[in-house]
1. Taking the range 435-492, which residues are in a loop (DSSP other than H, G, I, E, B), at pLDDT 75 or above and among the aliphatic types (A, V, I, L, M)?
2. Count, please, the residues in the range 267-306 that happen to be touching a Pro at 6+ places or on another chain (Cβ under 8 Å), among the hydrophobic types (A, V, I, L, M, F, W, C) and within 12 Å of ligand 1 (Cβ to nearest atom).
3. Test each condition in (1) modelled with pLDDT of 85 or more; (2) within 13 Å of ligand 2 (Cβ to nearest atom); (3) touching a Phe, Trp or Tyr at 6+ places or on another chain (Cβ under 7 Å) for GLY329 and report the one that comes out false.
4. Would you tally the residues in the range 241-266 being more than 21 Å from PHE347 (Cβ to Cβ) and within 12 Å of ligand 1 (Cβ to nearest atom)?
5. In this structure, is PRO348 over 14 Å from VAL251 (Cβ atoms), more than 12 Å from ligand 2 (Cβ to nearest atom) and modelled with pLDDT of 85 or more?
6. Restricting to the range 307-339, what's the tally of residues that are near ligand 1 (Cβ under 7 Å from one of its atoms) and either under 22 Å from VAL238 (Cβ atoms) or out of contact with any Pro (no Cβ under 9 Å at 6 or more places or on another chain) (or both)?
7. Among the listed residues THR341, THR387, identify the single one that is at pLDDT below 80 and crowded, with 18+ Cβ neighbours inside 10 Å.
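The values are calculated or read from the model by the stated rules, or taken from the named source; none is laboratory data. Nothing here was measured: the structure is a model prediction, and the numbers come from that model. Because the Cβ atoms are built from the backbone with ideal geometry, glycine has one as well, and the counts that use them run over all protein chains shown.
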Amino acid sequence: METDPSLPFIAPEMLSVLISPSGRQLDANEAWLSVFGNDLWGRLPPEDARFAQEHTTEAIRGGQVLHQVYLVPSRGDEPIPVLLHFHPIREPDLEPGRFPVMVTGEVMREPVSWAAEQTRRRRMEMLGRMSMGIAHDFNNLLTAVVGHAELLRSDLVHLQAAADAHGHLRALEQAARDGASLVRKIQGYIRDEKKERAEPVLLHEIAEEVLTLTRPYWYNEPRRQGIAIRVESELRPVPPIMGTPTELREVLVNLVLNAVQAMPAGGTLSLRTARSGTSAAAVQIADTGVGMTESVRRRIFEPLFTTKGQAGTGMGLTMSQGIVQEHNGRIEVESAPGRGTLFRLVFPFSHDTPKPASKVARVLEDAPADGLRILVVDDEMMVRTVTTKLLRLRGHTVESADGGPAALEVLGDDDAFDIVITDLSMPDMSGRELAAAIRLRHPGLPVLLLTGDTDAESADVDAVVKKPFELDDLVAVVRRVASGAPEADRRR
Ligand code: ADP
Ligand code: MG
């Protein structure tokens, strides 16, 4: 995960400090020192420092306090929320008012999300300022347009005033042109910003980072409130999309926070990445929370629309949708009141990643088709169908099965196939288990493992091809394996 060197280091661990009954800082761990330093509440804004001091005094008298304070970094950046727990150490020999105090703290936001938040705010501020200016200028333009149109109408009543009508029309045109150039300026600004930072991005990696990043929200904070949020993640590797990591992270953080906020009594948060069709990657965030009524669902992308009262900004999804659209992606929402909500983001694959040239494959492809008999095994219908169709186009005879048991049935007792291509992770029987079963019943029938797992070993199988595969690569490996040649140069 990239870290911005201009941000202060924030310890992810629990911060802790021991305070004497007279209010002196006795002992602090590294994490505390890196955030608060040696001067107890010295780095807090005066208001927060006063609260922290009061809570310390209360704890010295025996009270437990939980309080959130804001730490202001020296550079005048956004304050960082820190949740502090004040625990009195009730030594039996000591009187209340003489207890030492242990303060533990957790930083509620980590640097990257903080950076994302900052980018968001800065941009909102810019957009806000810009749209103020635009609204003002547009008002003037529109006043001119409307005024001239009105004059034109009255001019036309007196048909003699042809020259005046001409002038007003010209003014109308000019006003419209000015309006258009204003719009171009805005578009230019947005486009430049976007172009500046786009790069090939791996959605599964972003999702993984977001899960780590938002841990305080789905683990620490709920746990503190006695709520359990279970997290299920199935982050399959997907091909890169073109985008800005900070922005995509921001979108996913928003969705995760919304999901957590929708489960005040706990529940399951799940994150998945997968291919969507043949040219897009999808990431989905689901919760088992309160869900939405149809009338809420229709309005969620509206700026400032929130059902959370003061606690909500109503900007999370507005911003998210903007970012997704800038990435040429789309957002799908499914929700049912009382059941939960699922957000699915779909982005087209990046076309910028250079395709690896595979000369060997081309040569083989030009060789006369020798029509192999292939069995394709994959639990995902999409993958199965696509692989089958592609291989058929290359002149092979292809059958498919949706899992290990079905595959063994199709294989039967005779030698009807030259090679089996199987997915690795399938619910009933894994690709490796299938390979083992095949070795027992059909010794000599080669098995090729197709997998998204980046470090899959070729042990137990005859070859491994990584998903997403290039058809040429797959065909080359299939031919080599089926002809019994050792698979010498495995690419990717
Ligand atoms: P905010 O979270 O500040 O309210 P958002 O734009 O993020 O603003 O969300 C707008 C509204 O959409 C929320 O107030 C809520 O009503 C609804 N919403 C968003 N995500 C979910 C979810 N996972 N479950 C239920 N409702 C949601
Ligand atoms: Mg939100």
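1. LEU445, VAL461
2. 2
3. (2)
4. Qualifying residue count, the range 241-266: 5.
5. Yes.
6. At the first step, the residues of the range 307-339 found to be near ligand 1 (Cβ under 7 Å from one of its atoms) are 307-308, 312-318, 335.
Next cut, either under 22 Å from VAL238 (Cβ atoms) or out of contact with any Pro (no Cβ under 9 Å at 6 or more places or on another chain) (or both) only: 307-308, 312-313, 316-317, 335.
Residues in the range 307-339 being near ligand 1 (Cβ under 7 Å from one of its atoms) and either under 22 Å from VAL238 (Cβ atoms) or out of contact with any Pro (no Cβ under 9 Å at 6 or more places or on another chain) (or both): 7 in total.
7. Working: THR341 fails: at pLDDT below 80.
Exactly one of THR341, THR387 is at pLDDT below 80 and crowded, with 18+ Cβ neighbours inside 10 Å, namely THR387.
Residues are listed down the side, and each one gets a yes or a no for (1) at pLDDT 90 or above; (2) surrounded by fewer than 19 Cβ atoms within 10 Å (Cβ to Cβ); (3) within 24 Å of ARG98 (Cα to Cα):
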site	(1), (2), (3)
GLU13	no, yes, no
ALA28	yes, no, yes
ASP39	no, yes, yes
LEU44	no, no, no
ASP48	no, no, yes
